[in-house]
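What follows is calculated from the coordinates using simple rules that are stated; it is not laboratory data. Nothing here was measured: the structure is a model prediction, and the numbers come from that model. Quick reminder, even Gly has a Cβ in these numbers, built from the backbone with ideal geometry, and neighbours come from all protein chains shown.
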Amino acid sequence: MKSLNKYTMRRIVTIILLLGCVMTMNAQTTAAAKNRVNEIKKMYAQAKESMKYRKDAELPPDEMVVSTDYMAAGAGPIKDVYHYYFSGDFDENVGADMYEVYFITRNHNVGATDYYEEYLFDDNKLVFYYEKSGDNETRYYFSGNKLVHSIIKGEESNWKEIDSNLLMLQRFASDTVTSFGLLMNRNY
């Protein structure tokens, strides 16, 4: 068996070191994503608990409901119902919004198909998206504007083409928060 020359040994060692670095970075990224998903799950549980507490205590809900009915070509009558859950900051900081949305639910239909969606926000940024339609479910977890984890169940998810539709989803969520600001904070 021939002995390996110095150049070949250096290449092998370099490749092994690079593979080790890539594996370490991948493990760190996976751990960071798991931590972020766990944070989001806690925020989601807190949001749901807050809504339940207000309802159980018979307090006025910090909720705004917007419902629209319209006709769409090829789909027929559509009903869109948004529930905006918000918190109030009454410190009267000049220029600050009084109300900040933290959770939105949306029920809508396209033709005979019904959809239910949830949007969880942290500091007006989308951190979680959930959609259910029939047996299909989609969950997206975000950190900043980046998708860190997704769960898609079912054959025909409404958002199955993740890369092309994430930008549209984030724009829609941003527009929804903006519309809340226009209605509640009178930011016009």
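Using the Cβ-Cβ distance between Asp122 and Met71 with R0 set to 45 Å, the FRET efficiency works out to roughly 0.80.
Using a cut-off of 24 Å between Cα atoms, the listed pairs Lys55/Lys146; Lys41/Lys132; Lys52/Lys146; Lys34/Lys153; Lys55/Lys125; Lys42/Lys146 include Lys55/Lys146; Lys52/Lys146; Lys55/Lys125 as exceeding that distance. The slack in the chain from Glu39 to Ile16, taken as 0.36 nm per residue of separation less the alpha-carbon distance, amounts to 4.8 nm.
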